[in-house]
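The values are calculated or read from the model by the stated rules, or taken from the named source; none is laboratory data. The shown structure was predicted, so the numbers you read here are calculated from the model rather than taken from an experiment. Virtual Cβ from ideal backbone geometry, glycine too; neighbours counted across all protein chains shown. In case anyone asks, the SASA skips ligands and DNA or RNA and just uses the protein heavy atoms, side chains included. Shrake-Rupley method; radii C 1.70, N 1.55, O 1.52, S 1.80 Å.
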Amino acid sequence: MLLTVVAFIVALGVLIAVHEYGHYRVAVACGVKVLRFSVGFGKPLLRWQPKGSPTEFVIGAFPLGGYVRMLDEREAPVEPHERHLAFNTQPLRSRAAIVAAGPLANLLLAVLLYAAVNWSGVDEPKAYLASPVAGSVAEQAGLRGGELVVSAGLGEGDFEPVRSFEDLRWTLTRGALDGQNVRLLLQPERGSTPREVLLRIDQLDVREADVQLYRRIGITAPWTRPVLGEVVPGGAAARAGLRAGDVVLRLGSAAVVDGVQLRELIRASVQAGRPLTQVWRIERDGQPRDLEVTPEVAQEAGGAVGRVGAYVGAPPEMVNVHYGPLEGLWKGTVRTWEVSVLTLRMMGRMVIGEASLKNLSGPLTIADYAGRSASMGLTQYLSFLALISVSLGVLNLLPLPVLDGGHLMYYLWEGVTGRGVSEAWMERLQRTGVAVLLLMMSIALFNDLTRLFG
């Protein structure tokens, strides 16, 4: 819990500070007097003002936001000798640059964070495919499990190397949310000739980017040996005589080929809410033996499933994915662009009803993911920060009046017509923007509560 809180506060502090610093830095470069730079709202917990600087720096008690207060005749009277330092007296290009600098700073931060992950390297599972989910797109495409994906392509696009299972998952996500098929180049066995497989993802009605999406595609996890890990004392596996290190060869009449398939067979070993006793053939110390196993029944959202009280599947084969200085920076730029485009498309689909509003996430989900990623290591936490930084940058560029994108729309109107938006219209648009933003926040908070406590 403490790690989650700390990781969440650090993430918010970094992302908000970078966003506001973008506004601040460009404002100063344009000759605007900045009165206050604040990370957080409410009562100041800490404040300081560097010698010779007109700017007061503040850390507020409420961390969900921040602001840069500039000299502006619309907010308070300005001395005649300082009028040239006021924001509202600046040329249109300067005002637009100052407003756009915040979101662009978040996108630049994402590029650098993704690049840092690429440079440092991260251990990820190799792209060996587990047995596909029954009836899924992957099974219909002829996948059986054990294949190594060496490259993948979206639609009619070029093949790109797949260096890890996470690379493959990202390609599948893009294909699903874009409604494009995914082509895989497979190496069924080491040293054999690769073959191409087409995943007809365009057949899926994708409304949510969740776990069920990957189950419908049929690729949920990398291949692992069907071996048992730690066995819970007193659990179903322990009562049946199963031990850590046992390799499962057969469960009932089904031959077992990998850990993912074994987990699915265990989950399905329940009928009409009652456990099914089955004979497991295992290999222990090189010798086969048969054991009768009766699973325990657990209730999940989709109904009753079987559990045996043991870790199922060996750790997957890993590969260290890292890039050189220039390639890592380029990959970080490309990933930031892809995530930005995907975010905009997803928002557009939610507006027209083609995607579920359940995809919206609020502070509780972000805090939960912050804690999880921090517990997994620095590179995972940096990847999480990059993703949220992209989301913050894209969100602020939306043409909602209360956001930076809304102000940019005002400036576009001014640039086209030669006059600014009237105060009356400004007030109406601001009220509408606040209402829309509050509605989005309410939906996101409801989704958070449903995910975490539903």
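Structure data summary
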{"item": "Among the candidates Leu364, Leu387, residue that is modelled with pLDDT under 90, more than 30 Å from Gln261 (Cβ to Cβ) and either touching a Phe, Trp or Tyr at 6+ places or on another chain (Cβ under 7 Å) or crowded, with 18+ Cβ neighbours inside 10 Å (or both)", "result": "Leu387"}
{"item": "Positions within segment 155-192 being aliphatic (A, V, I, L, M), assigned to a helix (DSSP H, G or I) and modelled with pLDDT of 90 or more, in sequence order", "result": "Leu168"}
{"item": "Residue that is farthest from Ala236 (Cα to Cα), among those in segment 254-274 that are small (Gly, Ala, Ser) and open to solvent by 40 Å² or more (accessible area, probe 1.4 Å)", "result": "Ala255"}
{"item": "Qualifying residue in segment 350-358 (condition: in a helix (DSSP H, G or I) and either among the acidic types (Asp, Glu) or at pLDDT 90 or above (or both))", "result": "no"}
{"item": "Criterion violated by Glu147 - all others in (1) under 30 Å from Pro226 (Cα atoms); (2) at pLDDT 90 or above satisfied", "result": "(2)"}
{"item": "Condition met for Ala17 (among the hydrophobic types (A, V, I, L, M, F, W, C) and either in contact with a Gly (Cβ under 8 Å, 6 or more places away or on another chain) or farther than 30 Å from Gly418 by Cα (or both))", "result": "yes"}
{"item": "Some residue of segment 5-27 being among the hydroxyl-bearing types (Ser, Thr, Tyr), under 18 Å from Pro103 (Cβ atoms) and part of a strand (DSSP E or B)", "result": "no"}
{"item": "Every pair of residues 6+ apart whose Cβ atoms lie under 6 Å, when the first sits in segment 127-142 and is closer than 16 Å to Asp202 by Cα while the second is part of a loop (DSSP other than H, G, I, E, B) and open to solvent by less than 30 Å² (accessible area, probe 1.4 Å)", "result": "Ser136/Gly218; Val137/Gly218; Ala138/Pro132; Ala138/Gly218; Ala138/Ile219; Glu139/Pro132; Glu139/Gly218"}
{"item": "Residue list for segment 419-443, restricted to those being farther than 15 Å from Asn88 by Cα and among the small types (Gly, Ala, Ser)", "result": "Ala424, Gly433, Ala435, Ser442"}
{"item": "Residue check for Pro103: open to solvent by less than 30 Å² (accessible area, probe 1.4 Å) and within 30 Å of Arg267 (Cβ to Cβ)", "result": "no"}
{"item": "Considering residues of segment 143-172 that are closer than 20 Å to Val321 by Cβ, open to solvent by less than 20 Å² (accessible area, probe 1.4 Å) and in contact (Cβ under 8 Å) with a residue 60 or more places away in the chain only, the residue nearest to the chain's Cα centre (by Cα)", "result": "Phe165"}
